[in-house]
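The structure that follows is given in the form of structure tokens.
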Amino acid sequence: MAKKLESLLGDHVLRQSGDTPEHVPVGALCGEGRVVGLYFSASWCPPCRNFTPLLIDFYTNLKKSGDILEIVFVSWDKDEASFQEYFSSMPWTAVPFDPTKKAKLTKKFRVQGIPKFVLIDAGTGKLITCEGYSCVINDKDGKEFPWRPKKLYEVIQGKLLRSDRTEVDAVESLKGKTVCLYFSAHWCPPCRAFTPMLAKLYKKLKEDKKNVEMVFVSSDRSEESFGQYLDSMPWLAVPFGDSRVDQMKNLFAVDGIPLLVVLDDKGEVITLNGRGAAMMDEEGVEFPWYPKPVNELTGNAAIQLNESACLVLFTEGEDDDIEWGSEVLTEAATAEHNKGEDQELFFFFGGDDEICDSVRNFAKLPDTCPLLVILDFPEQKVYQCTEKTITSEVVKEFVRGYFGETLEPIPLRGPE
């Protein structure tokens, strides 16, 4: 899987060797059973300066057990001199100082703050976890390294509560069902606004004989608030203060609530955006909301727009326009969708949702239809297709141009 790592890191990384760092082929980091850790950090960041010595100790001790981990420093420093000074204190490798490469890796792994420690299986090239920072903090001896995510049923074993406080066995209650984990709290206004709607949807799904169960995973600050909130819920809950709460938050990288995670009967994630799906489908017609290659551009797409490159075909919003827009995008969108976790470009058609006008205004796009663009907000760039007639072939060629870096970007400046 050297090619996969090379596509991320380039053909070489740097390793300290006296006064001059030496070039190390990225392929040398690969191998069955090995792990590559990407360490996003910067010398100007106090939490990074505090964490780096801990990571050095962890790395040094793990090396005594064998050459199973290589760390690659991805610098967020503001200049090469700062990068070199900080890198000189590290016993591992680094991506050569390059803001463009840093931006690409930051977008790929959705790094919103540092320090961040991302672990990749060097044998398969697949992501292991983006939560390496907290793993090092909580497992300094590396007893559970490389912290491969556990399946839901490994984590949730034990007792769950009904709203009447009777206990049920988690595995028996959830076995063979589509499971929705509802991360929420009574103190959170958006949660309290969403919960009644979700309760209504849950009852509808049950009436429709859907094989589904929901589990409340609380972020409440007191058992009293937890109990008061649970009284309004017709589903199960992890008991207040249970250690499984933090385990599940880590498992699904929960950094904000409300969050509704939907999993299939084997515990595999169907969608992490169950809340957005539920708000768009209050009757649960499309439940359990498997991700589609092409989606309508609505307010629920805001997270995707902010985190990833998105191709958008703006239309007049009439039913025929929307049907046509979805059709011409489908072939290229399906090819990207089939990449799974490696998908880098997401596809939308713009109808008459008010966010379409907001996005056009923000990106300073012309008020014409149809209009085909790629919005790369993480890199502050916009790409506009110059073809007046949009066909499936035009879309595919536009996508090829984006990935081949042959399109001319327009810097994104936002509204004046």
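So for the pair SER173, SER392, with labels modelled 7 Å out along Cα→Cβ, what separation do we get in nm?
With each label placed 7 Å out from Cα toward Cβ, I get 4.7 nm.
Quantify, in whole percent, the carbon and sulfur part of the accessible surface of the chain (1.4 Å probe; protein heavy atoms only). Mind dumping the intermediate values first?
On the way: 10020 of 20600 Å².
The nonpolar share, carbon plus sulfur, comes to 49 percent.
Grab the other residues whose beta carbon is less than 13 angstrom from that of GLY267, score K and R as +1, D and E as -1, and report the net. Intermediate values should be presented prior to the final figure.
Values: positive: LYS150, LYS151, LYS175, LYS177, LYS266; negative: GLU154, GLU213, ASP264, ASP265, GLU268.
Here the count lands on 0.
How many nm separate the modelled label positions at GLU224 and LYS292, each set 7 Å beyond the Cα in the direction of the Cβ?
A separation of 4.7 nm, rounded to one decimal place.
ASP352 to TRP187: FRET efficiency via 1/(1 + (r/R0)^6), r the Cβ-Cβ distance, R0 45 Å, to the nearest 0.05? Before the final figure, lay out each step's value.
On the way: r = 36 Å, r/R0 = 0.80.
FRET efficiency, ASP352 to TRP187: 0.80.
Sort by residue number and report every cysteine in the chain with no other cysteine beta carbon within a distance under 4.7 Å.
Flagged as lacking a Cys partner: CYS30, CYS130, CYS135, CYS180, CYS310, CYS356, CYS369, CYS385.
Can you check what the net charge comes to around LEU62, using other residues whose Cβ is under 14 Å from the Cβ of LEU62 (Lys, Arg +1; Asp, Glu -1)?
Values: positive: ARG34, LYS63, LYS64, LYS140, LYS143; negative: ASP57, ASP67, GLU70, ASP139, ASP141, GLU144.
Its environment carries a net charge of -1.
Taking the Cα centre as origin and putting +1 on Lys and Arg beta-carbons and -1 on Asp and Glu beta-carbons, what dipole magnitude results for region 101-252, to the nearest 20 debye? Provide the component values of the computation, followed by the final result.
Numbers: 28 positive and 19 negative charges, 217 e Å.
Approximately 1040 debye in magnitude.
In what sequence, highest mean first, do 295-308, 79-92 appear when ranked by Cβ atoms within 10 angstrom?
Details: 295-308: 17.4, 79-92: 15.8.
The densest-packed peptide leads the list: 295-308, 79-92.
Next up: What order do you get for 319-331, 58-70 when each peptide is scored by the mean count of other beta carbon atoms within 10 Å, highest first? If you can, show how the numbers build up before the last one.
Numbers: 319-331: 16.7, 58-70: 14.6.
Output ranking for 319-331, 58-70: 319-331, 58-70.
To continue, here is another question. Using +1 at the Cβ of each Lys and Arg and -1 at the Cβ of each Asp and Glu in the chain, identify which of LEU305, PHE145, PRO99 lies farthest towards the dipole's positive end.
The Cα lying farthest towards the positive end belongs to PHE145.
Relative to the present Cα-Cα distance, how much length would full extension add between GLU316 and ASP281 at 0.36 nm per residue of separation? Let's see the in-between values first.
On the way: separation 35, 0.36 × 35 = 12.60 nm, distance 2.28 nm.
Extra length available between GLU316 and ASP281 comes to 10.3 nm.
Let me check I have the definition right: for the chain, take the eigenvalues of the Cα gyration tensor, multiply each by 5, take square roots. What are those semi-axes in whole Å, largest first? Display every interim value, and only then the final one.
On the way: eigenvalues 264, 222, 68 Å².
Three semi-axes, in Å: 36, 33, 18.
Can you tell me how much longer the chain between GLN343 and GLU327 gets when fully stretched, taken as 0.36 nm per residue apart minus their C-alpha distance, in nm with one decimal? Each step should come with its number before you reach the end.
On the way: separation 16, 0.36 × 16 = 5.76 nm, distance 1.99 nm.
The span from GLN343 to GLU327 would gain 3.8 nm if fully extended.
Something else now. Just report the Cα centroid separation between region 123-138 and region 146-216, whole Å.
With region 123-138 and region 146-216 each reduced to a Cα centre, they are spaced 26 Å.
For the chain, modelled as a Gaussian network with Cα springs under 10 Å, which listed residue fluctuates most, GLN380, GLN343, GLN112?
So, out of GLN380, GLN343, GLN112, the one fluctuating most is GLN112.
Does region 227-341 come out rounded, prolate or oblate by the C-alpha gyration tensor, with a ≥ b ≥ c the root eigenvalues, rounded set by a/c under 1.5 and, if not, prolate when a/b is larger than b/c and oblate if not?
Prolate shape, in that a/c is at least 1.5 and a/b is the bigger ratio.
Once you have a ≥ b ≥ c as the square roots of the Cα gyration tensor eigenvalues for region 1-92, tell me rounded if a/c is under 1.5, and otherwise prolate or oblate according to whether a/b is larger than b/c. Mind dumping the intermediate values first?
Details: a/c = 1.70, a/b = 1.26, b/c = 1.35.
Because a/c hits 1.5 or more and a/b fails to exceed b/c, region 1-92 counts as oblate.
Could I ask something else about it? Checking the a/c ratio against 1.5 first, then a/b against b/c, what shape does the Cα gyration tensor give for region 1-45? Display every interim value, and only then the final one.
Values: a/c = 1.98, a/b = 1.36, b/c = 1.46.
Note, shape of region 1-45 comes out oblate.
Around LEU29, under 12 Å between beta carbons, what's the net of Lys plus Arg minus Asp minus Glu among the other residues? Kindly include the intermediate steps, with their values, before the conclusion.
On the way: positive: LYS4, ARG15, ARG34; negative: GLU6, ASP11, ASP67, GLU70, ASP121.
Here the charged neighbours net out to -2.
Then there is this: Using a 7 Å offset from the Cα along the Cα-to-Cβ direction at both ASP79 and ASN306, what is the distance between the two label points in nm, to one decimal?
According to this spin-label approximation, the distance is 3.2 nm.
I need the calculated FRET efficiency for the pair ASN361 and ALA335, taking r as the beta carbon distance and R₀ as 30 Å, to the nearest 0.05. Walk me through the numbers before you get to the answer.
Numbers: r = 31 Å, r/R0 = 1.03.
Efficiency, from the Cβ-Cβ distance: 0.45.
May I ask you to evaluate 6.51 cos²θ - 1.76 cosθ + 1.60, the Karplus curve with θ = phi - 60°, for each residue of region 262-278 and list the ³J(HN,Hα) values in order in whole Hz, giving x for glycine and proline?
Along region 262-278, the couplings run 10, 10, 7, 6, 9, x, 8, 5, 8, 7, 8, 10, x, 4, x, 5, 5 Hz.
Å³ per residue of the Cα convex hull, for region 268-416?
Per residue, the Cα convex hull of region 268-416 comes to 117 Å³.
Something else: With charges set only on the Cβ (+1 for Lys and Arg, -1 for Asp and Glu), what does the dipole of region 16-174 come to about its Cα centre, in debye to the nearest 20?
On the way: 21 positive and 21 negative charges, 97 e Å.
In total the dipole reaches around 460 debye.
Can you work out ³J(HN,Hα) from phi for every residue in region 242-247, in order, using Karplus 6.51 cos²θ - 1.76 cosθ + 1.60 and θ = phi - 60°, giving whole Hz and x for Gly and Pro?
5, 5, 5, 4, 5, 4
Here is a further query. Calculated FRET efficiency, SER243 and GLU379, Cβ-Cβ r, R0 35 Å, to nearest 0.05? Walk me through the intermediate numbers first.
Details: r = 40 Å, r/R0 = 1.13.
FRET efficiency, SER243 to GLU379: 0.30.
The values are calculated or read from the model by the stated rules, or taken from the named source; none is laboratory data. Given the structure is predicted, the values throughout are model-derived calculations rather than measurements. Don't worry about glycine lacking a Cβ; one is built from the backbone with ideal geometry, like all the others, and counts go over all protein chains shown. All accessible areas refer to the heavy atoms of the entire protein, side chains included, with ligands and DNA or RNA removed. Shrake-Rupley method; radii C 1.70, N 1.55, O 1.52, S 1.80 Å.
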